[in-house]
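Quick note: the coordinates plus some simple rules give every number you see, no bench work behind them. This is a predicted model, so every value here is computed, not measured. Every residue, glycine as well, gets a Cβ built from its backbone with ideal geometry; the counts of neighbours run over all protein chains shown.
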Amino acid sequence: MHPLAGKVALQGGDYSMLYLEETHRGIYQIPYRAITPHERECRNVFVPVCCSASHIAMTSIRMEPVWMTLAEAAGVAASMAITDELAVQRVDYAKLRAKLSTLGARLERPTAARRNL
């Protein structure tokens, strides 16, 4: 891939446009399902480093702080799955979210007021 005037050149000359909303300055959320394969395919495994993402998203996901954050979420979810005797795909997302929040994880996009501080 080669960056070209805001577009991504793919092999064969096709382009896919990278759209980043100015409101969020390109900050996006990664869903839990991106780090858990379908249960019918593979139970009780996380893939925080090789998560499910488009080629465009992977350009930022591949950064070490993002992998560290995904790995922390996977570790917390694994602990919850063991405690509740569940497959990792069945962890209660609301409980996981609450636990990650208490640990200081950033789960929401920053508001305009918080970005300007």
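Can you give the local net charge around Leu103? Use residues other than it whose beta-carbon is closer than 14 angstrom to its beta-carbon, Lys and Arg +1, Asp and Glu -1. With Lys, Arg at +1 and Asp, Glu at -1, the net is +3.
Find the relative contact order for segment 28-106 and round it to a whole percent, using C-alpha pairs within less than 8 Å whose residues are 6+ positions apart.
Numbers: 62 pairs, mean separation 23.8, N = 79.
With pairs under 8 Å counted, the relative contact order is 30 percent.
A Förster radius of 35 Å combined with the Cβ-Cβ distance from His38 to Glu64 puts the calculated FRET efficiency at roughly 0.80.
For Asn44, the residues whose modelled amide H falls within less than 5 Å of its own, excluding neighbours fewer than 5 places apart on the same chain, are Val88, Gln89. Go through segment 67-82 residue by residue and turn each phi into a ³J(HN,Hα) via Karplus (6.51, -1.76, 1.60, θ = phi - 60°); whole Hz please, and just put x for glycine and proline. Each residue of segment 67-82 in turn: 4, 5, 5, 5, 5, 4, 4, 5, x, 5, 5, 4, 4, 5, 5, 5 Hz. Here the Karplus relation 6.51 cos²θ - 1.76 cosθ + 1.60, evaluated at θ = phi - 60°, turns the backbone of segment 43-52 into coupling constants of 8, 6, 9, 10, 10, x, 8, 10, 5, 7 Hz, with x for every Gly and Pro. Work out the FRET efficiency for Met80 and Arg109 from their Cβ-Cβ distance, taking R0 = 25 Å, and round it to the nearest 0.05. Once the sixth-power term is evaluated, E becomes 0.55.
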